[in-house]
Amino acid sequence: MAITFSIAGVVALSLAGSVVWGAYLLTPLRERFNLREFAGDDQFVWVNGYAVHYTDDGPHSAPAVVLIHGFASSVFTWRGIKAALLAAGYRVIAVDQLGSGASARPAEPIYTTQTQAELVLGVLDALGVPRAHFVGHSFGGRVAMQIAILAPERVQSLTALAPEAFATSRPGIARWVRLPVFGYVLAFYSTSPWLVRLGLRFVSAKRHWITDAVVKGYARPLYVRGSTLAQVWQARSPKDGPRPVPHNLSAITQPTLLLWGERDPVFPAGDGARLVRILPDARLQVFEGAGHIVHEECPEPTQRAILDFLELSTKTQAGLSFPAHPHHQTSEASQAADV
């Protein structure tokens, strides 16, 4: 019996060792591109000592719309909304957050909401954009809210798609990612490109949009050097800076549109109903049958909602106003839920 247990123990240790060493040995094989090799001739600006990647399209004389992606995403997620905004005549600036896309991946505990907000503002400063409409998804929605709190004069309107508004700490898995050795291994395997499809399916209620090409687009930034370490340092970073978003929501007075999926498994639609009661000038639109990535799951209704809101917010700036009481509107999703 003792021999049996010893053999089992050796096998278990060997498997564990293979998993650990596999993560460390495979990292340089997977993360084989530096930022320039990955992004080519794309646009970068240095903000606070970090290279921040952005795209800037459309006429510079037009109203600017700034797009901020969510956690573990990149500017790739905005391709549909970006096309719709450009067709409507807007200038569209999409920014890769620190640690994501083609932006720098510093091995430091600086990945706070406020740091990300300051970097976006730094990009706009470099481009000479004093004021803009901001659109953010998930954690990007939180960053957009942080910008509205820190620099309200820069925000003409705010559109938040399923924003992470109320969390005051990192998710539970972050505690494990902070651990020495094990945390790195967990970060490596959780950011593996082969898990991207699984992750997209998990957060989506409608899955018709998850094609091979789309999965490849979402996974591509994971091949940039430093991606695994960036996940570790994000877990080790404080959630917020001196002015946490959850404690300052009522300070967001700009016209605000909240878009949510009825079946969002990440941040429930009830968060939207709660937010619309807190924000002074907000409206909520819920898409039936949709999950967390509403702009991918219901592209046309989402694009139309954003375009209509931008037009309305422009009129609001001219002296008109939203309805006296922020309202909740439910939109029927364009396609049946694909489960």
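Odds and ends about this structure:
- Over segment 35-331, Cα pairs under 8 Å with separation of 6+ residues give a relative contact order of 19 percent.
- Residues in segment 143-166 reached by a label modelled at Asp42 [backbone nitrogen below 20 Å; 7 Å Cα→Cβ]: 143-144
- Length gained on full extension, Asp57 to Arg201, computed as 0.36 nm times the residue gap minus the Cα-Cα distance: 48.8 nm.
- At an R0 of 41 angstrom, the distance between the Cβ atoms of Asp308 and Phe182 translates into a FRET efficiency of 0.30.
- Segment Ala151-Ala273, length gained on full extension (0.36 nm per residue, minus Cα span): 41.4 nm
- FRET efficiency, Lys315 to Ser169 (Cβ-Cβ, R0 30 Å, nearest 0.05): 0.15
- Per-residue HN-Hα couplings for segment 77-82 [Karplus 6.51, -1.76, 1.60; θ = phi - 60°; Hz; x = Gly/Pro]: 5, 9, 4, x, 5, 4
- Using θ = phi - 60° and Karplus 6.51 cos²θ - 1.76 cosθ + 1.60, couplings along segment 110-124 (whole Hz; Gly, Pro as x): 10, 7, 8, 4, 5, 4, 5, 5, 5, 5, 4, 4, x, 4, 5
- Amide H partners (placed H, <5 Å) of Gln43, local residues excluded: Tyr54
- For peptides 180-188, 141-149, 161-169, 35-43, sequence by mean Cβ density within 10 Å, most packed first: 141-149, 161-169, 180-188, 35-43
- Semi-axes of the equivalent ellipsoid for segment 35-331, Cα gyration tensor, largest first, Å: 28, 21, 20
- Straight-line cross-link partners of Lys216 among the lysines, defined as a Cα under 26 Å from its Cα and at least 8 positions apart when in the same chain: Lys82, Lys206.
- Here is the tail figure for segment 108-169: Cα pairs spaced more than 15 Å apart come to 47 percent of all pairs.
- Centre separation in Å (Cα based) which lies between segment 44-88 and segment 202-227: 18 Å
Laboratory data are not the source of any read-out in this text; all were calculated from the coordinates shown. Note that the structure is predicted; figures quoted are calculated from it, not measured. All Cβ positions, even for glycine, are placed from backbone atoms using ideal geometry, and neighbour counts span all protein chains on display.
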